[in-house]
Amino acid sequence: MDKRSWVRHLSGSEQEQSAIQQATQASCLLYRALLQRLVYLTLKLSAREVAPADVKALYRRHNGYGSGSFLMGQEIWFELAGMFAGERWLEQRFGSEVLQRKPEYLTDMDPIQPVWRHPAWLNLTANGAGDNWCIDLAPLPEGHVGQIISFSHEIGPDCVIATSLQAFLATFANELEAGIYVVVGWSLTKEDNIW
């Protein structure tokens, strides 16, 4: 038996090699899925412990919604599972280099970590174009745990929208009562957003 025949004999037929390769790929995918689920559950449990009371209360009552402009003109209000996709989504869409960038418009006055994206920023809402409002669980000392911050996929974090989820929702309620929003189809938006 020559060398090639011997190697072929030891490694099995092409069908066996293909089956082994497919089983290996399936094992890797399963391992990756289990690892992602473990990370998600770990973050979910840690968020349960560190999330402010108003965030816990809201998500016990309602777990977000898919799409349709409702909450201050945002297209998406993230369900609990989607809250933890911030860094992973950016990395998948734009590559890992995007997470190494520095924020462009943060000033010393902003009580936000001076990083592109922090793992403790939980997605609250999104406009459907890559810009989110996040619950900040890791603000600078001058900030408030649970403050709502604006995050742009182009410039990074740029400002604090509200000091808490309760303050954020109170602002929304006041704007609703003042008639600032109008119904357009299935969406709720400000009049100046209609073109």
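Where a number appears in this text, it was derived from the coordinates with a stated rule and is not lab data. Small disclaimer: the values here were computed from a predicted structure and weren't measured. Heads up, the Cβs are rebuilt from the backbone with ideal geometry, glycines too, and the neighbour counts pull from every protein chain shown.
Hand me the list of strands (runs of 3 or more DSSP E) wholly inside the stretch 104-182 holding 1 or more residues that are in contact (Cβ under 8 Å) with a residue 24 or more places away in the chain, acidic (Asp, Glu) and closer than 21 Å to Ile76 by Cβ.
132-136, 156-162
With respect to Asn132, is the statement that it is under 19 Å from Leu58 (Cα atoms) and surrounded by fewer than 17 Cβ atoms within 10 Å (Cβ to Cβ) true?
No; evaluated as a whole, the condition is false for this residue.
For the subset of the stretch 156-165 comprising residues that are touching a Leu at 6+ places or on another chain (Cβ under 9 Å) and buried (at least 16 other Cβ atoms within 10 Å of the Cβ), which member is nearest to Leu58 (Cα to Cα)?
Leu165
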